[in-house]
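Here is the structure we will look at, set down as structure tokens.
Nothing in this text is a laboratory measurement; each read-out follows from the coordinates by a stated rule. Not measured: the values here are computed from a predicted model. Methodologically, a virtual Cβ is constructed for each residue, glycine included, from the backbone with ideal geometry; neighbour enumeration extends over all protein chains shown.
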Amino acid sequence: MSHDLHVDDLTDLWRLGAVLLPTVAIQYATMASELHKTALNEGPAFERSKSGPTKLLTAWTELRDTMQDQIAVKTHQRLLTAGEALKQIAEGYATTDYLSAEDIARFNEEIENANNDPVFEPPPYVPDAPSTDDPHPEENPPDERGR
């Protein structure tokens, strides 16, 4: 079995870092955002009519905060960091003398032409994943002027 990297391997590595991992990170950002929204109106959901909040509110808050900060936000950050590292590794390796000039030209051409192929197109935008410490945008809606 050969341990040589080929242009297709580098292209796959670049695609993993530039396209696939950021796309998965978007899902974790969405998860964090949706969990973040639940904090706005959680009080009434866990209130008894006259005796105040139930003990479930504390348990729910701890669970939500753990899911948001320890799972969604951290995974989002790690996916983006790993994706950037894989992309840099592929690009760096392709510019060394381990590949022939023809292979380097082919790799660069595949990456440059990636915009013509949705399989190689990086997400246009990867949102941040809000943590439990972040303000809720729903609490301060924009005024008539959009501010």
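Sort Leu79, Leu16 so the one with the fewest other Cβ atoms within 10 Å of its own Cβ comes first.
Values: Leu79 23, Leu16 16.
Exposure proxy ranking, most exposed first: Leu16, Leu79.
Taking R0 as 25 Å, what FRET efficiency do you get between Asp117 and Ala85 from their Cβ-Cβ distance, rounded to the nearest 0.05?
Values: r = 23 Å, r/R0 = 0.93.
The calculated FRET efficiency here is 0.60.
So if I place +1 on the C-beta of Lys and Arg and -1 on the C-beta of Asp and Glu, and nothing else carries charge, what would the dipole magnitude of the stretch 26-85 be about its Cα centre? I want it in debye, nearest 20.
On the way: 7 positive and 7 negative charges, 43 e Å.
Value, rounded to 20: 200 debye.
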